[in-house]
Amino acid sequence: MGQTLRKKIFLAYALPVLVSLLVLAAMCYGLIRRSIDSNQKEKLVILAADFSHRIEAKLQDRMATLARVETLDFVHNFRELALSSHLAKFARPLPVLSYLDQQGQEEVKVVHGRKNDQLLNLAGEPWFAAALAHKNEVVIGNIGISPELNQPCLTLAIAHFNYFGDEFEGVLKGEIPLADLSADLHDLAPGRSGHGILVDDRGRVLFPHDPQQPFRPLQGDAALLALLGEDAPAHSAAGLVQLAGAGALVAHASVPSTGWSVLAVLPYVEFISPSLSLAGYTLATLLLALALGLLLAHAIARPLARNLSKVIDHTAVMAAGTLDRNLEIHSGDELESLATSLNQMSSSIRQALAARDSRQNILQTIIDPLVILDHQFALLEVNAAARHLLGRDRSALVGVPITTFLGASTAEGELLLAEIQRRGTLQNRETRLRVSAGTTVPVLLSCSTPDPTVNREIGLVAIFKDISALKQAEEERRQALLFVETLLNRSPLGIRVFDGVTGACLRVNPVAAAISGGSEKALLAQNFRELQSWHETGLSGKAEAVLGDGVPRQRETNLTTSFGKTMDARYFFSRFLVEGHPHLLVISQDISEEKRLVDENRRIEEQMLHVQKLESLGVLAGGIAHDFNNILMTVIGNADLALMRLPAESPAVNNLKQIGEAAGKAADLAGQMLAYSGRGKFVVESIDLNRLIETMMHMLEVSITKKAVLRFDFSQQLPAVEGDATQLRQVIMNLVINASEAIGDRSGVIAISTGAIDCDHGYLRDTWLDEGLAPGLYVFFEIADTGCGMDQETIQRIFDPFFSTKFTGRGLGMAAVLGIVRGHKGAIKVYSEPGQGTTFKVLLPACALPPETGQEDSPAEEWQGSGQVLLVDDEETVRAVGKMMLQELGYEVITAADGREALELFKAHREEIVLVLMDLTMPHMGGEEAFRELRRLDPQLKVIITSGYNEQEVALRFVGKGLTGFLQKPFRLAVLRETFRSIGTG
């Protein structure tokens, strides 16, 4: 029986071999044809890709041109005529160019290089909003019929911002004719009758263009739509489709920037032509092989096929679900055994299906993950939801203990299982399932033990509800709340949120409480519509306006809060909606310090301008005083010489004395001008201000009005100051006399006090002459009166030269005070109000040296010198009077007009000259350079320098160089005699 079956099987193998040969022939045909088809498709795809790249390149070039136009200076420096002329330069790549303002209104339009006045509002176009959303990027807009060119055009647009990139100013728009982009497609002609098509992203035909039916939809079957649809390849592909009712091979290539598609179309007849010839040869061979195979198979397989057909039919019936039929085969071979096995299998399947249906009915009624456990708590059955949750198929789960998954750990799972065993049921117990290594899922567990009489196999039924999404939502909400809370608490600005309807305060941060001066709890109890400070400062109106139109606003104001804190503040108001309900966001900033710094900077700037003005006037005054002193030198010298030479009874003596007195007053005036410039006579010594003022008491009392009373308040153990006592007396005298004149005919008090104060930068900044004064200990004297006082305008000008509030005043007294204090590196504070009197506080740097006690010099004796003196001065009148004064003292005199002449005379009379009296400022060679040359010739030579400037300024130039002495012009004969006597000449 088995041998017979083997023979039949052997014969049956012959047929598959023959069939295999036929299949091989068919496969060869298929492979060759596929190769031919693939080659044609590849060529077509390459052609489509090439033309899509050409279109993309043109489009990128136009986009780059538009981006370059936007960055050019003439766009930023917009002027209509200039912009239109510049835009005309780009007419070739972009025939239509226009510039739109922020509202989408065309301001300038150029068509084919010429200005076009048909300006449109294009704010509603999608590309306008897209350009604003994509900063610094060229966006591609719609394609449509251009009203300017009357042909299909593609719109390009780019947003234009200011130089800083933070303010939107407009949009630059350009249009490209579709004919320009698709011109190359005329050359797209695959094969003998192929052609090209350009389709946009909505399936509309862009090329070839039909003026009667522009943008017509592409007609094709589902295969064509799939080739162009969302699931189409990203770049290029080819396929057989129905196009306009005819079959064709179509290659597709995308234009990346636009989403358009270039289609290379080859008619189906031309596509299959190479395959038809091959098919003829293959078909003839195939038909012959099939005929031989059918004859052989019919002879061998007929009996076997009959029984096999029965087996096949029976298995089909079983597969259809009919398991109650038996298969009857009595062939006496293996097929009969097979039929018996199939009958037994049908019986077993019926029993298994009955048990399975019982469990599946339970599982499929539950949509949540459900597991059925046996009495050893191993998985007996799981539904699809449970398999999905655990991430395993049924075969990997059945028989596995539930503790493998239950709980965050095995120990936790065992404890939970023990509780289930004890209680028999659980309801919505939160736990976790271990779905993979290191990964757990939060679930709600509900389980119960079924009735054992119903099903003895089932020990426990458990349902798990996945709460991952709920947990994640709770965590996200917690994180969002934490973020908002942190933002509020860490914000450097005050933030408050009010209900836009009720006005109640809903949220407040600590900075807002600190700015207002109250607590967060107190601020939460407020209603912005009830705040008096907001009504008084207009903040309520701002808030209501913002709630009304939603436009953010800000306001700076000075207000006193509900908690009594007065400050300068800046408020920002904004409206936002939560589920349609309006809320008011208020951001506040305390700008009191900012305001103070602005005021302080403005004050410093004004002070610096004033100092510069005083410095300029000081230079002018010093120069005038210097030249004036040279003139007075001649007047005073000649007057002194004339008085010495005239007898006492001469009638001209009184005239000469009056000339001397007038010249002395003029010298005093020049001295005041030098004092203002800081270049007055300056004899530095250590001074006790208390003693200085005490020595002036009598002079001060006789200098003031009888209605004024002097009061003194001296600080004990006052530090000394370095300065010129005579100049400080002048300062005190000028201030006291001004105080007396301010009191006038009314009774009043002039208080003079002294003291010491430790000054910092802040204190010194609020003074006159804050020229980088160093902080430290300063000694001051203060002169206060109860007079008429001054307004701020007068205070700002009291130290200006030639400004005076008195009818007969010259306006140099206070200017001299300022110059003297400047020369002493000090400062002045002025306090005054109209009707409240005036106080001047003069600050001088303290020094560590003890004050010097002045001693009266004994009257100079009549004294005569001898020897030859070289007198050097560029002023001829000064040389003349100086020569006579020196001759009066017994000297022989030779004169020189400048330093060069002085050097030549000294070289010629070196042995006879005992002293050189030389001016500091001269042409050709000044006194300083001549002094160096003279001392180089004779290091022991005595040289006295004369100048209209003060001694201290001159001494700084000659410090350490051996200068013998200094005479300040104008000087009298007695001063000249005393100077020469003191240095021991002759």
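Report, by residue number, each residue of segment 684-711 that is among the aliphatic types (A, V, I, L, M) and within 60 Å of the chain's Cα centre (by Cα).
V684, I687, L689
For segment 488-546, which positions are open to solvent by less than 40 Å² (accessible area, probe 1.4 Å), of a type outside the set (A, V, I, L, M) and in a helix (DSSP H, G or I)?
S516, F528, S533, W534, T537, S540
Given the structure, is I752 open to solvent by less than 60 Å² (accessible area, probe 1.4 Å), over 30 Å from D599 (Cβ atoms) and out of contact with any strand residue (DSSP E or B) (no Cβ under 6 Å at 6 or more places or on another chain)?
no
I'm trying to understand the selection: among the residues of segment 521-535, which are of a type outside the set (S, T, N, Q) and within 36 Å of the chain's Cα centre (by Cα)?
Listed by number, the residues that qualify are K521, A522, L523, L524, F528, R529, L531, W534, H535.
Which of (1) at pLDDT below 85; (2) out of contact with any Lys or Arg (no Cβ under 7 Å at 6 or more places or on another chain) does D368 not meet, given it meets every other one?
Checking D368 against (1) at pLDDT below 85; (2) out of contact with any Lys or Arg (no Cβ under 7 Å at 6 or more places or on another chain), the one that fails is (2).
Go through L363, L390 for me and flag whichever is closer than 20 Å to R432 by Cα and at pLDDT below 85.
Only one candidate qualifies: L390.
On the basis of being assigned by the TED database to the domain that holds D590, polar (S, T, N, Q) and at pLDDT 90 or above, does S516 make the cut?
Criteria not met by S516.
Do we find a residue being of a type in the set (G, A, S), under 30 Å from L397 (Cα atoms) and modelled with pLDDT under 70 anywhere in segment 330-352?
Yes, that holds for at least one residue.
Filtering segment 547-573 down to residues that are touching a residue at least 40 places away in the same chain (Cβ under 8 Å) and open to solvent by less than 60 Å² (accessible area, probe 1.4 Å), which residue is farthest from I495 (Cα to Cα)?
G564
Condition check: farther than 30 Å from D184 by Cβ, touching a strand residue (DSSP E or B) at 6+ places or on another chain (Cβ under 6 Å) and outside any strand (DSSP E or B). Does L87 satisfy that?
no
With the structure loaded, tell me whether P177 is open to solvent by 50 Å² or more (accessible area, probe 1.4 Å), under 17 Å from L97 (Cβ atoms) and not hydroxyl-bearing (S, T, Y) or whether it fails that test.
Here the answer is no, as P177 does not meet what is asked.
Within segment 862-948, considering only strands (runs of 3 or more DSSP E) that don't extend past its boundaries, which have at least 1 residues that are of a type in the set (V, I, T) and surrounded by fewer than 22 Cβ atoms within 10 Å (Cβ to Cβ)?
Strands (runs of 3 or more DSSP E) meeting the threshold: 892-896, 913-919, 942-947.
For segment 173-185, enumerate the residues that are at pLDDT 90 or above and under 23 Å from P208 (Cβ atoms).
E175, I176, P177
Filter segment 767-812 for residues that are at pLDDT 85 or above, among the small types (G, A, S) and assigned to a loop (DSSP other than H, G, I, E, B); which is farthest from the chain's Cα centre (by Cα)?
G787
Within the group L59, L66, L83, which residue is outside the structural domain of L263 (by the TED database), buried (at least 16 other Cβ atoms within 10 Å of the Cβ), under 40 Å from the mean Cα position of the chain (by Cα) and modelled with pLDDT of 90 or more?
Of L59, L66, L83, the one residue that is outside the structural domain of L263 (by the TED database), buried (at least 16 other Cβ atoms within 10 Å of the Cβ), under 40 Å from the mean Cα position of the chain (by Cα) and modelled with pLDDT of 90 or more is L59.
Residues V943, V916: which one is touching a Phe, Trp or Tyr at 6+ places or on another chain (Cβ under 6 Å), within 22 Å of Q887 (Cβ to Cβ) and modelled with pLDDT of 85 or more?
When all the criteria are applied, what remains is V943.
Taking segment 872-894 only, how many residues are over 17 Å from F971 (Cα atoms) and of a type in the set (S, T, Y)?
Adding up the residues that qualify gives 1.
For segment 369-396, how many residues are buried (at least 20 other Cβ atoms within 10 Å of the Cβ) and assigned to a helix (DSSP H, G or I)?
Of the residues in that region, 3 qualify.
Can you tell me which residue in segment 148-172 is modelled with the lowest pLDDT, limited to those that are surrounded by fewer than 13 Cβ atoms within 10 Å (Cβ to Cβ) and under 18 Å from E107 (Cβ atoms)?
Here the answer is N162.
Pull out all pairs, ordered by first then second residue, where Cβ-Cβ is under 6 Å, the residues are six or more apart or on different chains, the first lies in segment 742-769 and is farther than 24 Å from M697 by Cα, and the second is of a type in the set (K, R) and not in a strand (DSSP E or B).
Filtered contacts from segment 742-769: L769/R822.
Against the definition (open to solvent by 60 Å² or more (accessible area, probe 1.4 Å) and either β-branched (V, I, T) or at pLDDT 75 or above (or both)), how does G259 come out, yes or no?
no
The values are calculated or read from the model by the stated rules, or taken from the named source; none is laboratory data. Quick caveat: nothing in here was measured; it's all calculated off a predicted structure. Reconstructed Cβ throughout: ideal geometry from the backbone, glycine too, with neighbour counts over all protein chains shown. With ligands, DNA and RNA removed, areas are computed over all heavy atoms of the protein, side chains included. Shrake-Rupley method; radii C 1.70, N 1.55, O 1.52, S 1.80 Å.
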